[in-house]
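Okay, structure first, notes after.
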Amino acid sequence: MSHPAVPLPPDEILVAGEWRRGTGAASETVDPADGGVITEIHHATADDVDEAVRRGAEAAASPAWRDLLPHERARHLHRIADGIERDADRLANLQTRDTGKTLRETSALVASAAGTFRYVAGALETFDDELTTQRGPSLTMSVHEPIGVVGAIVPWNSPVASDAQKIAPALAAGNAVVLKPAEWTPLVSLALGRIITDSGLPAGLLSVLPGAGSVVGEVIVTHPGVGKVSFTGGTSTGRRIAHAAAEKLMPVSLELGGKSPTVVFEDADIDAAINGILFGIFSSSGQSCIAGSRLFVAESLRDDFVERLVAKTRALRVGHGLDPLTQVAPLVHHKHRDSVAQHVERARAEGGRVLTGGQAPEGAAYERGAFYLPTIIDELPNTAATCQEEIFGPVLAVLGFKDEDDLVAQANDSAFGLACGLWTRDYRTAWRVARRIDAGTVWINTYKQFSSSTPFGGMKESGLGREKGRGWIAAYSRQKSLYWGLSDSPHPWAG
């Protein structure tokens, strides 16, 4: 398939408002649909991070940013959203080439990024500090102040939306941001950085520093000038960041992995459940932290339901992300495709039965790409590694349950607690089970829907903190209490 003529970002990184070639090693970005090289980007170095942090702190402390009123900072966020919307087609095409995702999905992610800036701008204009209840001879209040410099580390699976979800609230709170995109997918983050600097944001408030996590990410996390790190990615990396943050006594936001259950009760709308389950696990080619990768079906439905689910899975269209008919696009990288394939082979070794998929698709259109067929595996217990470890690919494990207590015990028997889906017509069952499941988000008769107004985050090894919602800006702020003495008399203690 021929690619549209999409301008590529130049081989430059953004260091505190200044665009220049990185002094680190060069890295090729690869189109996962055909293995071809898209372009080459020179990475940032530890020195670049240090400069970005120092100059970012100066920019955040400058009266030109520090003294802006909330509605004035909100105007900057709206201008960024305007720029994203003007360049939406290029951003979506660029992300499809860089990540392999379908153009339908990347277009939605770009729209989400613009919407994030607009929501946060609106929230900022109504973000009130608090006059607290008087309990003595003082007038008391609570105010929020900037942290200073925020480190933002984003994953490869949906960079433009993840970028916005960290940059927008951090800027709204008055901070500077040092953003590290994923090593495999830096292009759309660099393009977004160009839009933000062109919007008129004061120089120094944003840096975009591509590079390896072991180099750029490590320095961001441990740098004494970084006052908070917001990370989205794998649990093992998140745990290391939490250890480093503990040494610095620094707040962190960690949005980590998942092994989310999705549940079909006896009274479910079967057609709605099947379509929702397919979307929940196979959209994004399964490369989603909230993918519904463990399917629990009531035993009375299991055989017929799985038969229908398998038939509809086989009908999904696997292809290039730029093909408008594609539903399942290639995985982000050939190395990741090979990792997913190894997980499936281990499932077979554990005794799992592959009902469909379980291999790369055959044919000339697929031979050079990082494709993998949507895969459903049966006959594994919930204790199997395949049902406990995050695969991050288009692989669904089917399990059964006898009753509600059995379901809750199995669903909660996981190190993760990010999301859950429930399919039932009974609102009482939905309420009861939703409250018993260890998950930060529970979808009822839907799946993988998001709103900027609704907090998102995980429990257990799925992370710390929340993004989105009215508390979003506060999460990037330091809270301070002020007491105004009202007594006309000196304090009696001194006599």
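The values are calculated or read from the model by the stated rules, or taken from the named source; none is laboratory data. Keep in mind the model is a prediction, meaning the values are calculated, not measured. Quick reminder, even Gly has a Cβ in these numbers, built from the backbone with ideal geometry, and neighbours come from all protein chains shown.
Go over the candidates 271, 267 one by one and state the one that is more than 30 Å from residue 243 (Cα to Cα), part of a helix (DSSP H, G or I) and acidic (Asp, Glu).
Numbers: 267 fails: part of a helix (DSSP H, G or I).
Checking each option against the conditions leaves just 271.
Can you tell me which residue is farthest from the chain's Cα centre (by Cα) among those in segment 452-468 that are outside any loop (DSSP other than H, G, I, E, B) and at positive phi? Full working, then the answer.
Residues of segment 452-468 outside any loop (DSSP other than H, G, I, E, B): 456, 459-460, 463-464, 467.
Retained after the next criterion (residues that are at positive phi): 460, 463.
On the way: 460: 17, 463: 12 Å.
Among those residues, the one meeting the criterion is 460.
Of all residues in segment 34-55, count the ones that are assigned to a strand (DSSP E or B), of a type in the set (Val, Ile, Thr) and in contact with a Gly (Cβ under 9 Å, 6 or more places away or on another chain). Walk me through how you get there before you give the answer.
The initial filter retains those residues of segment 34-55 that are assigned to a strand (DSSP E or B), namely 37-42.
Filter once more, so that each one left must be of a type in the set (Val, Ile, Thr): 37-39, 41.
Going one step further and asking which of them are in contact with a Gly (Cβ under 9 Å, 6 or more places away or on another chain), we end up with 41.
So the answer is 1.
Which of the residues that make up segment 157-180 are assigned to a loop (DSSP other than H, G, I, E, B) and in contact with a His (Cβ under 8 Å, 6 or more places away or on another chain)? Steps first, please.
Of segment 157-180, the ones assigned to a loop (DSSP other than H, G, I, E, B) are 157-158, 173-175.
Listed by number, the list holds a single entry, 173.
Might you let me know whether segment 207-221 holds any residue that is part of a strand (DSSP E or B) and either touching a Cys at 6+ places or on another chain (Cβ under 6 Å) or in contact (Cβ under 8 Å) with a residue 24 or more places away in the chain (or both)?
First pass over segment 207-221, keeping only residues part of a strand (DSSP E or B): 207-208.
Next, from what is left, pick out any that are either touching a Cys at 6+ places or on another chain (Cβ under 6 Å) or in contact (Cβ under 8 Å) with a residue 24 or more places away in the chain (or both): 207-208.
Yes: one or more hits.
Of everything in segment 314-337 that's in a loop (DSSP other than H, G, I, E, B) and touching a strand residue (DSSP E or B) at 6+ places or on another chain (Cβ under 9 Å), which residue is nearest to residue 154 (Cα to Cα)? Show your work before the answer.
Initial filter on segment 314-337 (in a loop (DSSP other than H, G, I, E, B)): 315-317, 319-327, 329-333.
Cutting the leftovers down to touching a strand residue (DSSP E or B) at 6+ places or on another chain (Cβ under 9 Å) gives us 316-317, 319, 326-327, 329-330, 333.
Numbers: 316: 29, 317: 29, 319: 26, 326: 26, 327: 25, 329: 21, 330: 20, 333: 17 Å.
Applying the filter and picking the extreme gives 333.
Among (1) on the phi > 0 side of the Ramachandran plot; (2) more than 23 Å from the chain's Cα centre (by Cα); (3) among the aromatic types (Phe, Trp, Tyr), where does residue 392 come up short?
Status for residue 392: all satisfied but (2).
Within segment 367-377, is even one residue touching a Phe, Trp or Tyr at 6+ places or on another chain (Cβ under 7 Å) and in contact (Cβ under 8 Å) with a residue 24 or more places away in the chain? Write out each step before concluding.
The first filter runs over segment 367-377 and keeps only residues touching a Phe, Trp or Tyr at 6+ places or on another chain (Cβ under 7 Å), leaving 374.
Right, trim to in contact (Cβ under 8 Å) with a residue 24 or more places away in the chain and you get 374.
Within segment 367-377 (the criterion being touching a Phe, Trp or Tyr at 6+ places or on another chain (Cβ under 7 Å) and in contact (Cβ under 8 Å) with a residue 24 or more places away in the chain), the answer is yes, since at least one residue qualifies.
A quick yes/no check of all residues on (1) part of a loop (DSSP other than H, G, I, E, B); (2) under 29 Å from residue 115 (Cα atoms); (3) in contact (Cβ under 8 Å) with a residue 24 or more places away in the chain:
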residue: 398; (1), (2), (3): no, no, yes
residue: 408; (1), (2), (3): no, no, yes
residue: 431; (1), (2), (3): no, no, no
residue: 446; (1), (2), (3): yes, yes, yes
residue: 450; (1), (2), (3): yes, yes, yes
residue: 470; (1), (2), (3): yes, yes, yes
residue: 479; (1), (2), (3): no, yes, yes
residue: 493; (1), (2), (3): no, no, no
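Would you be able to tell me the number of residues in segment 433-444 that are in a strand (DSSP E or B) and either basic (Lys, Arg) or in contact (Cβ under 8 Å) with a residue 24 or more places away in the chain (or both)? So that I can check it myself, show each step before the final result.
Residues of segment 433-444 that are in a strand (DSSP E or B), as a first pass: 441-444.
Subset that is either basic (Lys, Arg) or in contact (Cβ under 8 Å) with a residue 24 or more places away in the chain (or both): 441, 443.
So the count comes out to 2.
When the residues of segment 228-246 are narrowed to those that are in a helix (DSSP H, G or I) and under 19 Å from residue 478 (Cβ atoms), which ends up farthest from the chain's Cα centre (by Cα)? Lay out the reasoning, then the answer.
The first filter runs over segment 228-246 and keeps only residues in a helix (DSSP H, G or I), leaving 235-246.
Then drop every residue that is not under 19 Å from residue 478 (Cβ atoms), which leaves 245-246.
Details: 245: 20, 246: 23 Å.
Applying the filter and picking the extreme gives 246.
Determine which member of the set 428, 470, 436 is modelled with pLDDT under 95 and basic (Lys, Arg). Show your work before the answer.
Details: 428 fails: modelled with pLDDT under 95; 436 fails: modelled with pLDDT under 95.
Just one listed residue meets the conditions, 470.
Could you tell me whether residue 87 is out of contact with any Pro (no Cβ under 9 Å at 6 or more places or on another chain), charged (D, E, K, R), within 24 Å of residue 12 (Cα to Cα) and surrounded by 23 or more Cβ atoms within 10 Å (Cβ to Cβ)? Lay out the reasoning, then the answer.
Values: out of contact with any Pro (no Cβ under 9 Å at 6 or more places or on another chain): yes; charged (D, E, K, R): yes; within 24 Å of residue 12 (Cα to Cα): yes; surrounded by 23 or more Cβ atoms within 10 Å (Cβ to Cβ): no.
In short, no.
Given the structure, is residue 183 assigned to a helix (DSSP H, G or I), of a type in the set (Asp, Glu) and surrounded by fewer than 24 Cβ atoms within 10 Å (Cβ to Cβ)? Don't jump to the end; show me each part of the working.
On the way: assigned to a helix (DSSP H, G or I): no; of a type in the set (Asp, Glu): yes; surrounded by fewer than 24 Cβ atoms within 10 Å (Cβ to Cβ): yes.
Judged against the criteria, residue 183 is not a match.
Going by the structure shown, is residue 225 modelled with pLDDT of 95 or more, surrounded by fewer than 24 Cβ atoms within 10 Å (Cβ to Cβ), outside any strand (DSSP E or B) and small (Gly, Ala, Ser)? Even if it seems obvious, please write down each step before you answer.
Numbers: modelled with pLDDT of 95 or more: yes; surrounded by fewer than 24 Cβ atoms within 10 Å (Cβ to Cβ): yes; outside any strand (DSSP E or B): yes; small (Gly, Ala, Ser): yes.
When the stated conditions are applied, residue 225 passes them.
Of all residues in segment 411-428, which are surrounded by fewer than 18 Cβ atoms within 10 Å (Cβ to Cβ) and over 14 Å from residue 294 (Cα atoms)? Write out each step before concluding.
Taking segment 411-428 and keeping what is surrounded by fewer than 18 Cβ atoms within 10 Å (Cβ to Cβ), we get 412-413, 415, 425-428.
Hits for segment 411-428 are 425, 426, 427, 428.
Could you list, in sequence order, all residues of segment 432-454 that are in contact with a Phe, Trp or Tyr (Cβ under 8 Å, 6 or more places away or on another chain) and surrounded by 18 or more Cβ atoms within 10 Å (Cβ to Cβ)?
Of everything in segment 432-454, those that are in contact with a Phe, Trp or Tyr (Cβ under 8 Å, 6 or more places away or on another chain) and surrounded by 18 or more Cβ atoms within 10 Å (Cβ to Cβ) turn out to be 440, 441, 447, 448, 452.
Mind telling me which of the residues 357, 393, 363 ends up being assigned by TED's automatic domain parsing to the domain that holds residue 306, under 29 Å from residue 322 (Cα atoms) and surrounded by fewer than 19 Cβ atoms within 10 Å (Cβ to Cβ)? Lay out the reasoning, then the answer.
Numbers: 357 fails: surrounded by fewer than 19 Cβ atoms within 10 Å (Cβ to Cβ); 393 fails: surrounded by fewer than 19 Cβ atoms within 10 Å (Cβ to Cβ).
So the residue among 357, 393, 363 that is assigned by TED's automatic domain parsing to the domain that holds residue 306, under 29 Å from residue 322 (Cα atoms) and surrounded by fewer than 19 Cβ atoms within 10 Å (Cβ to Cβ) is 363.
With respect to residue 142, is the statement that it is surrounded by fewer than 18 Cβ atoms within 10 Å (Cβ to Cβ) and modelled with pLDDT of 95 or more true?
Working: surrounded by fewer than 18 Cβ atoms within 10 Å (Cβ to Cβ): yes; modelled with pLDDT of 95 or more: yes.
Yes, satisfied.
One residue is enough: does segment 301-313 have a residue meeting the conditions closer than 14 Å to residue 361 by Cα, part of a strand (DSSP E or B) and either touching a residue at least 40 places away in the same chain (Cβ under 8 Å) or outside the structural domain of residue 374 (by TED's automatic domain parsing) (or both)?
First, pick out the residues of segment 301-313 that are closer than 14 Å to residue 361 by Cα: 313.
From the residues that got through so far, the ones that are part of a strand (DSSP E or B) too are none.
Scanning segment 301-313, I find no residue that is closer than 14 Å to residue 361 by Cα, part of a strand (DSSP E or B) and either touching a residue at least 40 places away in the same chain (Cβ under 8 Å) or outside the structural domain of residue 374 (by TED's automatic domain parsing) (or both), so the answer is no.
With 81, 59 as the choices, which residue is outside the structural domain of residue 335 (by TED's automatic domain parsing), surrounded by 17 or more Cβ atoms within 10 Å (Cβ to Cβ) and either more than 25 Å from the chain's Cα centre (by Cα) or without any contact (Cβ under 8 Å) to a residue 40 or more places away in the chain (or both)? Show your work before the answer.
Details: 81 fails: either more than 25 Å from the chain's Cα centre (by Cα) or without any contact (Cβ under 8 Å) to a residue 40 or more places away in the chain (or both).
Just a single option satisfies the conditions, and that option is 59.
Is it true that some residue in segment 464-475 is acidic (Asp, Glu) and either farther than 25 Å from residue 148 by Cβ or assigned by TED's automatic domain parsing to the domain that holds residue 420 (or both)? Even if it seems obvious, please write down each step before you answer.
As a first pass, look at segment 464-475 and keep what is acidic (Asp, Glu): 467.
When the remaining residues are screened for being either farther than 25 Å from residue 148 by Cβ or assigned by TED's automatic domain parsing to the domain that holds residue 420 (or both), the result is none.
No, segment 464-475 contains no residue that is acidic (Asp, Glu) and either farther than 25 Å from residue 148 by Cβ or assigned by TED's automatic domain parsing to the domain that holds residue 420 (or both).
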